[in-house]
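Below is one structure, written out as structure tokens, with a few remarks after it.
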Amino acid sequence: MRGYILRRILLAIPLLWLILTLTFFVVRWAPGKPFRRERAVPAEIEAHLDRHYGLDKPWYVQYANYMRGLVRLDFGPSYRYPDATVGEIVRQGLRASVPIGLAAYALALGLGLPLGVLAALHPHSAWVRAVMGLAVLGVVTPNFVLGPLLVLLFSLTLYWFPPAGWGEARHLVLPVLTLSAAYVAYIARLTQSGVQQALAQDYIRTAHAKGVHPRAILLRHALRPALLSVLSFTGPSLAFLLAGTVVIEKIFAIPGLGHFFVQAALNRDYTLILGIVSFTAIALIVLNLLVDIAIALLDPRVALGREG
Amino acid sequence: MKRLVCIGVGLLLLGSCAHPAAYFGKIEPPEGAVLRVGNGADPASLDPHRAPGSVEEQIVINLFEGLTEYDPVTLDPIPAVAEAWEVNEHATRFRFRLRRTARWSNGRPVTAWDFVYSWRRALAPETASPNAYLLYYIKNAEAYNTGRVKVRDRRTGRFLTDVFGRELMLTPDELRRIRREDVPSEARHLQELRRRLNDHPWEAVTLSAEDVGVRALDDATLEVEMEAPTAFFLKLTTLGVYRPVPREAIERYGRAWTRPEHIVSNGPFRLVEFTPGRRVVLEKNPLYWDAARVRLQRAIFYPYDEATTVLNLYKAGELDVLVSGLLPPYALRRLQQKRDYVSGPYLLSYFLLVNVRRPPLSDRRVRWALALSIDRERLCRRLLAAGQQPSGAFTPSDFQGKYPRPSKVGYDPERARQLLAAAGYPEGRGLRLRFLYNTGALHAQIAEAIQADWRRTFPLIRVELINQEWQVYLNTVRLGDFDIARRSFSADFSDPTSFLDSMLSTSPNNPTGWANPEYDRLIQQANATSDDHRRMALLARAEEVLLDDLPIIPIYSSVTNFLRKPYVRGWHANVLDRHPLKFVAVEREGTPPGFSGR
């Protein structure tokens, strides 16, 4: 197991290098430059700016300097925010993205899991079907429709929650609701099919025959394999939630990572783009690894690091 | 995607306010003397020298106080750190008397030396200030900032000048060419200069920070020498880039000096929080010399840029006032009926750049034909609908009647048809144009309206609309890779030169390829004239030359428009959309009763 983890981490390093190198060149190939604005400044001032940020050097020197900085975990100054470093901006973005992402996912789990189990146990109940139908509606309603609808109801009609903003608990409610809607149904569906599949297995029948309490059968024997599919869905979706959800952050004016990422791309803020890309890549790699480890712990059929 | 959100919420919003109320949304003032401003974007920096645009300026002018301050209505310069000033007859030398009560937020007095330090820093190449060009009116400022040299006659010790009496400047490259006698024959001014230099023993002079024409005569007297007569200099001293910065904090903390824990400022407010993407919080500065006059305790600037989100926040009473230009177009007509809607003239011109290097646009008749076939009146009334004025000129205003603004370009499809036929394109046959615009605002709709006007007048014309993302568009324009491109231009300060300078043949803001020596000469002559009346007349003549040639096709002059809660006082519509918070207050009493927007 330890060898497996070590190997995964070592494999992640060339992967990260590849991602960052590609990003480094792609952003420079995009037309435009970091300090361009509608009103052009004299050529000499542009030259001062380029020199200030080392953009006057040939690309291989810029690349070497950037990689040298990375080794020291120095992502450099942001071009858009000359008073701040990329590290500070990324931390700032996480301060908003992490609570919202975690809260939304926790809510989705809290609602989706029981709902899925109920749906598996009573597949023909009208109530369960109605609730599942509602949940599916949550998946198919794009969040840029759901968000404004919630704002209209709770902010502009009832005046309960602010329509946008960030910083206090009351700002969390609407974005978290909007964000979790899609995940509730997804998790419920995954749980439902997992539990249904498990309940049809022979070992469940054996357990019934042996007189095990139905609740114990459900919780110990049926839910555990069902959780595996939910768990493998958790890794990528949590990384996605943490890296910022651009649309939600736009609608609710949340200064999260996604907000800064879009701004950075529009402003050709090379260093900030690279900083956020590398954070997202690392988050994805680490979360996937954690999920794989958790699955191995839950599922005796999976043995990490062994062939076949 | 963004548009979908807008339309979705737009329809809902419109549906929800079926009963028009006098005000839009909540009108209860916030707790305490706090003003919450929708500022439209995140400030890039709060360093007055590194703050590139109006978003930053809006905040910076409240943290740092310059020699002069904006009058909140007229924007005329009023005394601030300077309590009085005098200017010589030719407007080449200004002397400011500083008030002795002005203090930094650490208690140190603000002196003339602070301004000397600050202006030198703004011009230092290492500072890389994007706004340094605004200080070029000061003696030797441009030469120091750009690394150009001046040429001195060794015998007389005088600098060589051009026909208007302004000292010559050479780029290092030009200097090298002259020294090596390697001057291309098409560079006529260099050829001429080389001939002049052959008659004199001369030397090239590199200029340093100490040569910049700003001096402290004593702690309370600042003297500024100009490169040429600058009658409007007091409008410049109000700009953010002219405001003083604290030497002690900059030298101690470097890049991080603008952090709330490090910053030292001299304005009516001081910085207590700057969280990128979230907000900037200012608090009343108790050490400010005129603190008795400042009525706000706190001001919060929010960076929200999504028009619908901003509108929602305003409606829900989370914002008290918005800067201009944040209102979503779909809601304008409804908002205009509300009493919180404020609008006024704005120094912003919307126009088309014409690439005069490319045939057939190199033909003046084609440019005129295109210009005369745009129905600006209809465009402004039907599409824009915020009070924009059809424009027949490059400058958007007559500057309070001081500028005899020429207005030449109107709507005359008949004459347009004749001109285009005379140029060899009857009915537009064989005329193909690529019309470039960027994503955002109403640019697409404006381009489509102009395209339709052209098609109506010239049935056989082919106009291809090309939409590019902002940075791509800027790049394409810069490279001159367009036939026609939309553009808007707003003034840095309220003077026609702020617009007209951009069409000089040497200006980085003139990508049209148009260069007219007569225009350049008139502008330079105007800039060397101290009599304001005569200066304005010369500028107007230059603009006439520009409009005769039409390398730009005027479309409209813009307006400011924003929402302001009834309890906000002292935040006025003005031509630059600048709002010094020193004059702003939140009044709990006096809100007309019985109005609720719910």
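Some values worked out for this structure:
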{"read-out": "Positive dipole terminus of region B:88-152, leading residue within B:VAL116, B:ALA132, B:ALA143 (C-beta point charges)", "value": "B:VAL116"}
{"read-out": "Cα centroid separation, region A:106-149 to region A:160-199 (Å)", "value": "10 Å"}
{"read-out": "P(r) of region B:456-511 over all Cα-Cα pairs, binned every 5 Å from zero, in whole percent", "value": "4, 15, 20, 20, 15, 14, 9, 4, 1"}
{"read-out": "Anchor B:LYS315: lysines whose Cα lies under 16 Å away (excluding residues fewer than 8 positions away in-chain)", "value": "B:LYS26, B:LYS338, B:LYS565"}
{"read-out": "Rounded to the nearest 20 debye, dipole of region A:154-272 from Cβ charges on Lys, Arg, Asp, Glu", "value": "520 debye"}
{"read-out": "Cubic angstrom per residue, convex hull over Cα atoms of chain B", "value": "164 Å³"}
{"read-out": "Trypsin sites (Lys or Arg not before Pro) restricted to DSSP loop in region A:140-231 with at most 14 other C-beta within 10 Å", "value": "A:LYS210"}
{"read-out": "Size descriptor, Kirkwood hydrodynamic radius, that averages inverse alpha-carbon separations across region B:171-293, Å", "value": "19.7 Å"}
{"read-out": "Rounded to the nearest 20 debye, dipole of the protein assembly as shown from Cβ charges on Lys, Arg, Asp, Glu", "value": "2220 debye"}
{"read-out": "Reciprocal mean inverse distance between Cα atoms of region A:6-94 - Kirkwood radius, Å", "value": "15.1 Å"}
{"read-out": "Cβ-based exposure ranking for B:TRP85, B:TRP113, in which fewest neighbours within 10 Å come first", "value": "B:TRP113, B:TRP85"}
{"read-out": "Relative compactness, region B:345-483, computed as alpha-carbon Rg over 2.2 N^0.38 Å", "value": "1.07"}
{"read-out": "Per-selection Rg to Rh, region B:193-234 - Cα, Kirkwood hydrodynamic radius", "value": "1.17"}
{"read-out": "Cβ-based exposure ranking for B:LEU287, A:LEU146, B:LEU479, B:LEU63, in which fewest neighbours within 10 Å come first", "value": "B:LEU479, B:LEU287, A:LEU146, B:LEU63"}
{"read-out": "Expected 222 nm ellipticity per residue - DSSP helices of 4 or more, -39500 (n - 2.57), all of the protein assembly as shown, to 500", "value": "-13000 deg cm²/dmol"}
{"read-out": "Region B:64-125: radius of gyration over Cα atoms, expressed as a fraction of 2.2 N^0.38 Å", "value": "1.24"}
{"read-out": "Largest-first principal axis extents, alpha carbons of region B:501-575, Å", "value": "53, 31, 21"}
{"read-out": "Lys/Arg +1, Asp/Glu -1 at C-beta; chain B dipole; positive extreme among B:GLN337, B:PHE301, B:ALA585", "value": "B:GLN337"}
{"read-out": "Region B:143-185: C-alpha pair distances exceeding 11 Å, %", "value": "70 percent"}
{"read-out": "Contact order relative to length of chain B, as percent, for alpha carbon pairs under 8 angstrom and 6 or more apart", "value": "21 percent"}
{"read-out": "Nearby aspartates and glutamates by direct alpha-carbon distance to A:LYS250 (threshold 14 angstrom, same-chain neighbours under 8 apart not counted)", "value": "B:ASP42, B:ASP305, B:GLU306"}
{"read-out": "Given charges at Cβ of Lys, Arg, Asp, Glu: chain B dipole, positive-most of B:GLN471, B:PHE499, B:LEU160", "value": "B:GLN471"}
{"read-out": "Cα-based equivalent ellipsoid of the protein assembly as shown: semi-axis lengths in Å, sorted from largest, via gyration tensor", "value": "55, 32, 31"}
{"read-out": "Within region B:323-442: Cβ-based charge dipole about Cα centre, in debye rounded to nearest 20 (Lys, Arg +1; Asp, Glu -1)", "value": "160 debye"}
{"read-out": "Order of B:PHE96, B:PHE489 under a 10 Å beta carbon neighbour criterion, fewest first", "value": "B:PHE489, B:PHE96"}
{"read-out": "Chain A: DSSP helices with Cα axial extent of at least 20 Å and average Kyte-Doolittle hydropathy no lower than 0.5", "value": "A:2-29, A:86-121, A:126-140, A:173-199, A:223-242, A:270-298"}
{"read-out": "Inverse mean reciprocal Cα-Cα distance (Kirkwood Rh) of chain A, Å", "value": "22.5 Å"}
{"read-out": "Whole-Å semi-axes of region B:457-598's equivalent ellipsoid (Cα gyration tensor)", "value": "38, 25, 14"}
{"read-out": "Compactness of region B:407-527 - radius of gyration and Dmax, Cα, Å", "value": "16.6, 45"}
{"read-out": "Cα-based reach from B:LYS284 at 20 Å (exclusive), listing aspartates and glutamates while leaving out same-chain residues under 8 positions away", "value": "B:GLU31, B:ASP47, B:GLU56, B:GLU57, B:GLU65, B:GLU69, B:ASP71, B:GLU261, B:GLU273, B:ASP320, B:GLU587"}
{"read-out": "Cβ neighbours within 10 Å from other chains - mean over B:122-130", "value": "4"}
{"read-out": "GNM top mover of A:GLU46, A:GLU38, A:GLU249 - chain A, alpha-carbon springs below 10 Å", "value": "A:GLU38"}
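Each reported figure results from applying straightforward, stated rules to the coordinates on display, with no laboratory input. Computed from a prediction, not measured in an experiment: that's the story for all the values here. Note that we place each Cβ from the backbone using ideal geometry, even for glycine, and neighbour counts take in every protein chain shown.
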